[in-house]
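Quick notes on the structure that follows.
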């Protein structure tokens, strides 16, 4: 129903908002000691370029499905190219569910077993993926309307304990960009990679507008900065580095005397969790859509149920936080592939397609 | 057996059936009809006035009857539906000519009065009533444009009812109209006595938690819906306009809001949205805060809540559910009861039960406040059927809050959002913008 391109942009922004504030800051703190904005800007620029290439590639290829676009080049190419994507999204869901349930236990459900929270997360993701992309797109609009105000409210108040001296030094005197190769930095790319892949699988009823996507992307830049700089300015690098979830610790320090509630963290966390639910739903839907293309003879609903049960089983099998860290380290190549290679290939194929189309119109 | 006898045989169990002979010009004519629907003396007087005024005095019976009404075949099958509709049948036995006349009918409808289930502050206060033609007349007064279309259908085989489909030709999306018309034509054999049967006929989701139709007693709301490109159904003997499709903003907006200054209109709508949020979230929030996440509250507040719940023997979940069910009972009872008994129930429910439940330490003081607020807030939405949806959603939140605390509350909200995002009626998503028409007022 949406012809203006707002829905796709909103889903994109919401998915990333659900990711940015949780795992990203601590990964970046362990990757860099000072001048964090350089790291953020580099990865953000890459993200924006990748997004632009991906969207342009899709549009040039006449808004076709990304699987069809890859299929137009060769028969086995989609298999070869999209199998890593399948694997990556599977791992991404597992990591997200596991990490978020750990965090939720930490913050406010100390006596609830981990598996129960994981079950809740995956069942809601299942519910959303079951309904399909158009429903999720509409849901995302509603979620934005409901949860933007608490997030902005908390973000504004979280400047309460800021010490601006922690901003310094702005640039590391001996900046050597060696952090770019650090595993921790590559792990931090988690929030940049793959979040926009779903654009390539959107049904024709949802259109993508390059302008609105890039506007959405621009909106995310301050969020990336805030997620790192709020903890940094509150605690300083040395302390912030020690926390597993620096952003949540920052917001825990906020004290609003006139509010009924003691901990505003909970509102921030919950609002972002609503967005994270959508991210999980979208990712699960991407997985199912890809899997359906791979094995078309199995009904989609059966695939979805099987995938959900499988992912849940794997995510409860992960024994501890360290194991999760290792897992994140393992998928670095996959992540870089999702982040840089897939948009590039889409761009190239789209460009070729456009040129071919131009030539045929010239001939006729 | 001639027609008169077979009619008498058919209607022998109907005490209101009459068959009298009168003289029209030179003919003896039988006048047949139902006493309960036809004002006989006045109708006969009117027929005689009409015939006595005729210039030509010697018309054959067929021509004479044609002037008075519509000729029908003189057999049971074609006469009986006319009689049932309240028409008067004139039968000239010698020639066997028969005609159906629109008589002066007994008045079986009330006059247009103020609405009973919806109230207006600033706005027209006439309401629809049971008679379909009056309804359409009232609606036409509100929609004076030429694009208003009224299609009539007779639905059902055992108890036929007239069903009117009303729309504005230049506003409605052609696909929506065509799909509705096709569904109606395919389902004309089904009885349409109530809304569930109409849902059946149109193939809508029968188990939906959000309402498929908006029903309104107020003509201005129906006219507004037509303006927005929706369709309105009218069923005979049903004092409501049934608006399809129902969208989320219909919960918060009504036509009369436009009679307020614009600022107040938006503020009032915002208030309704807040009302819905409070009504769905607050009971769940209470359960979550009291039983799972008390640390979220300020210490003093948490202590005072704990203090008020000190002697309550069971968990907050049971406590809330207990009182909520009592409240639902009161609400349902006060709808059912005659107006003279209603206030008693309110008093018993509100003062005696509420006060006693607290004194007996069955529920905490705070819960009474929470639930009173909830019940009031859930009535701020426009339309009773929307209020029912809101009432249902809060139970999901209470159950999830009792298990997962604040996280459960959030999960419930997300589930409700996802559910609303998934709902569609006649292909139009529940979460669409209120104007369905493609044409814009500004650019034609």
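Where a number appears in this text, it was derived from the coordinates with a stated rule and is not lab data. Bear in mind that the values here come from a model prediction, so they are computed numbers and not experimental data. In this analysis, Cβ positions are derived from the backbone assuming ideal geometry, glycine residues included, and neighbour counts consider all displayed protein chains.
Key figures
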quantity: Stokes-Einstein D (µm²/s) once Rh is taken as the Kirkwood radius of segment B:73-200 over alpha-carbon pairs, at 37 °C in 0.692 mPa s; calculated: 183 µm²/s
quantity: Burial ordering of B:395, B:314, fewest other beta-carbon atoms within 10 Å first; calculated: B:314, B:395
quantity: Residue mean of other protein chain beta carbons inside 10 Å, A:98-109; calculated: 2
quantity: Alpha-carbon centroids, segment B:158-174 and segment A:321-357: separation in whole Å; calculated: 54 Å
quantity: Sites residue B:277 and residue A:160 - FRET efficiency at Förster radius 22 Å, r taken between beta-carbons, to 0.05; calculated: 0.25
quantity: Estimated inter-spin distance, residue B:119 and residue A:300, nm [label 7 Å along Cα→Cβ]; calculated: 4.9 nm
quantity: Inter-chain shielding of A:129-139 (mean C-beta neighbours from other protein chains, 10 Å cut-off); calculated: 5
quantity: Prolate/oblate/rounded label for chain A (Cα gyration tensor, a/c 1.5); calculated: prolate
quantity: Peptides ranked, highest mean first, by Cβ atoms within 10 Å: ranges B:295-304, A:341-350; calculated: A:341-350, B:295-304
quantity: Rh by Kirkwood over Cα pairs, then Stokes-Einstein D for segment B:74-115 at 1.567 mPa s and 4 °C, µm²/s; calculated: 106 µm²/s
quantity: 10 Å Cβ neighbours from other chains, averaged over peptide B:421-428; calculated: 4
quantity: Mean-position separation - Cα centroids, segment A:218-297 and segment B:106-127, in angstrom; calculated: 53 Å
quantity: Förster radius 22 Å - calculated FRET efficiency between residue B:206 and residue B:329, Cβ distance, rounded to 0.05; calculated: 0.30
quantity: Two-decimal log10 I(q)/I(0) for segment B:309-444, as the Debye equation yields it once each C-alpha is a single scatterer, q = 0.16 Å⁻¹; calculated: -0.97
quantity: Peptides B:15-21, A:40-46, A:99-105 ordered by average Cβ neighbours within 10 Å, highest first; calculated: A:99-105, A:40-46, B:15-21
quantity: Ranked B:32, A:49, criterion: other C-beta atoms within 10 Å, fewest first; calculated: A:49, B:32
quantity: Over the protein assembly as shown, volume per residue of the alpha carbon convex hull, in Å³; calculated: 245 Å³
quantity: Mean-position separation - Cα centroids, segment B:243-295 and segment B:186-231, in angstrom; calculated: 23 Å
quantity: Residue with peak Gaussian network fluctuation, chain A [Cα springs, cutoff 10 Å], from A:97, A:331, A:208; calculated: A:331
quantity: Chain B: most fluctuating residue of B:243, B:330, B:104 per GNM, C-alpha cutoff 10 Å; calculated: B:104
quantity: Difference of contour (0.36 nm per residue) and Cα-Cα distance, residue B:433 to residue B:18; calculated: 143.8 nm
quantity: Protection proxy ranking, peptides B:332-345, B:411-424, A:299-312, average beta carbon neighbours within 10 Å, highest first; calculated: B:411-424, A:299-312, B:332-345
quantity: Added length on full extension, which subtracts the Cα-Cα distance from 0.36 nm per residue, residue A:215 to residue A:41; calculated: 61.0 nm
quantity: GNM result for chain B, Cα springs below 10 Å: residue of B:193, B:385, B:25 fluctuating most strongly; calculated: B:25
quantity: Using a Förster distance of 56 Å, the FRET efficiency for residue B:55-residue B:193 (Cβ separation, nearest 0.05); calculated: 0.70
quantity: Residue order, fewest to most surrounding Cβ atoms within 10 angstrom, among B:256, B:131, B:35; calculated: B:35, B:131, B:256
